[in-house]
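Reviewing the structure listed below.
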Amino acid sequence: MIAAITGTFMNQAFKDTPDSLHWLPGALAVGISIAIMGITNCYHPPAGATAYLAGFYSSDAVRVGWWFMLYPILPVAIIMISVALLLNNLARVYPVYWFTAVHMTPTQSPEQIGQKEGVGESRRSSNSNDASEVDDHIENEGDAESAWIAARIHELEHELHELRAKQHQCEAERSQTSRSHAV
């Protein structure tokens, strides 16, 4: 829709230009719509073609004018979104994070990770402060996607602590083995 609006605006703005500049509205429409897509961080290459078709200086484009956005662009966009939602929801619920503020959690809690490998109690208690920080972040942000990312980062931090504890344990065993061989 943004590309159609941009293209139609360029078409209307340049409708009284001479025929030698008939390429200008289409080129500007594509460039400006790509810039808007960059600003909004939602690139969609076919939208460049939509902007070009709407902005291209032709008798049909001038005749249709601002109605180009309502027909054919809006019905086609609604049909595409409806089909995508229908097909994507056959096997899963999509898009959950658009409509609900779901608290997405990692596959394991910090306590499960700590108990599984025998990480010390002091390490688990220091990580519980991290968990409360993640919860605070989730409540403040209210964004389910960032909540999932924060939970995943938290899980990976625990796995890193777990690996460091194993490394320390292996180094301690190695030093005991080398001392026993030396005696």
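Values as computed for the structure displayed
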| item | result |
| --- | --- |
| Check on D60, of a type in the set (D, E, K, R) and either farther than 21 Å from P75 by Cβ or modelled with pLDDT of 90 or more (or both) | no |
| Neighbours by Cβ (under 6 Å, 6+ apart or cross-chain): first from segment 24-38, under 14 Å from F14 (Cβ atoms) and in a helix (DSSP H, G or I); second of a type in the set (V, I, T) and open to solvent by less than 40 Å² (accessible area, probe 1.4 Å) | A29/T6; I32/T6 |
| Evaluation of D16 against (1) in a helix (DSSP H, G or I); (2) of a type outside the set (A, V, I, L, M, F, W, C); (3) open to solvent by 60 Å² or more (accessible area, probe 1.4 Å) (one fails), failing number | (1) |
| Scope segment 147-157; condition at pLDDT below 80 and open to solvent by 30 Å² or more (accessible area, probe 1.4 Å); matching residues | W148 |
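The values are calculated or read from the model by the stated rules, or taken from the named source; none is laboratory data. As the structure is a computational prediction, the values presented were derived from the model and not from experiment. We place every Cβ from the backbone using ideal geometry, glycine too, and count neighbours over all the protein chains shown. With ligands, DNA and RNA removed, areas are computed over all heavy atoms of the protein, side chains included. Shrake-Rupley method; radii C 1.70, N 1.55, O 1.52, S 1.80 Å.
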